[in-house]
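Have a look at the structure below, then the notes.
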Amino acid sequence: MRPDGVGLPAGEGSVAKGEKLYTERCAVCHGDFGEGRDRWPVLAGGMDTLKADRPVKTVGSYWPYLSTVYDYVRRAMPFGDARSLGDDDVYALTAYVLFLNNLVGDDFVLSKKNFTTVRLPNEANFIQDDRAAEPEYTHKGEPCMTSCKPAPAKVIMRARVLDVTPDSKQGKERPAGSVE
């Protein structure tokens, strides 16, 4: 999904339908009002906190584009049952998350037709990723292939049994099989 609407499927969903779906499928993790539960992400609020020591990054305070919200819900939610929602359900849930952030009214219906008219508050603070044009990232010719370690590499331990946690006290012996 692109911010200009390219890639959006046909469909629509109301805040009212989104509220019902949210209560059934999302509130268990994200809270009844998008406040988050336990360590699950907060979806609503956080306005004017981005410059604070502990900013609250929500759809309404941080995310740049509605297409990012729609695409994330479509591909990854609900947790443990990803891709189980139909296009109209995703439109409805996205509309409801907008409502939770006071960005639309309770009678709002999100659709492919009006999708690009919705702007998130933090959009202007994101810039195009132009790293490829910066001198540090441009291709500088052939990679260095001198002074390399001799091949082939020798595997001495598998990650599942390798203790990679640093020792808490200096001078303590490392576990057998660890790598220097």
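Using the basic label-point model (7 angstrom from Cα toward the beta carbon), what is the Glu123 to Val155 distance in nanometres?
4.9 nm
By the gyration tensor of its Cα atoms, with a ≥ b ≥ c the square roots of the eigenvalues, what is the shape of region 12-125: rounded for a/c under 1.5, prolate for a/b over b/c, or oblate?
The shape class here is oblate.
Can you figure out the FRET efficiency of Asp130 with Thr68, using R₀ = 22 Å and their beta-carbon distance, to the nearest 0.05?
Efficiency computed from Cβ-Cβ geometry: 0.70.
Determine the gain in length on full extension of the stretch Ala16-Asp81; use 0.36 nm per residue of separation and subtract their C-alpha separation, reporting nm with one decimal.
21.2 nm
Using only Cα atoms, tell me the angle between helix 66-76 and the longest principal axis of the chain; keep it within 0 to 90° and round to the nearest 10.
So the helix axis and the longest Cα principal axis differ by about 70 degrees.
Give me a comma-separated list of calculated 3J(HN,Hα) values for region 48-54, in order, Karplus coefficients 6.51, -1.76, 1.60 applied at θ = phi - 60°, integers in Hz, x for any Gly or Pro.
6, 10, 5, 9, 6, 4, 10
Using θ = phi - 60° and the Karplus form 6.51 cos²θ - 1.76 cosθ + 1.60, what ³J(HN,Hα) does each residue of region 24-36 get, whole Hz, x for Gly and Pro?
My calculation for region 24-36 gives 6, 10, 10, 4, 4, 9, 8, x, 4, 10, x, 7, x Hz in order.
Just so you know, all these numbers are worked out from the coordinates, no wet-lab data involved. Everything numeric here is computed off the predicted structure, so don't read it as measured data. Here Cβ is always computed from backbone atoms with ideal geometry, including for glycine, and neighbour counts include all displayed protein chains.
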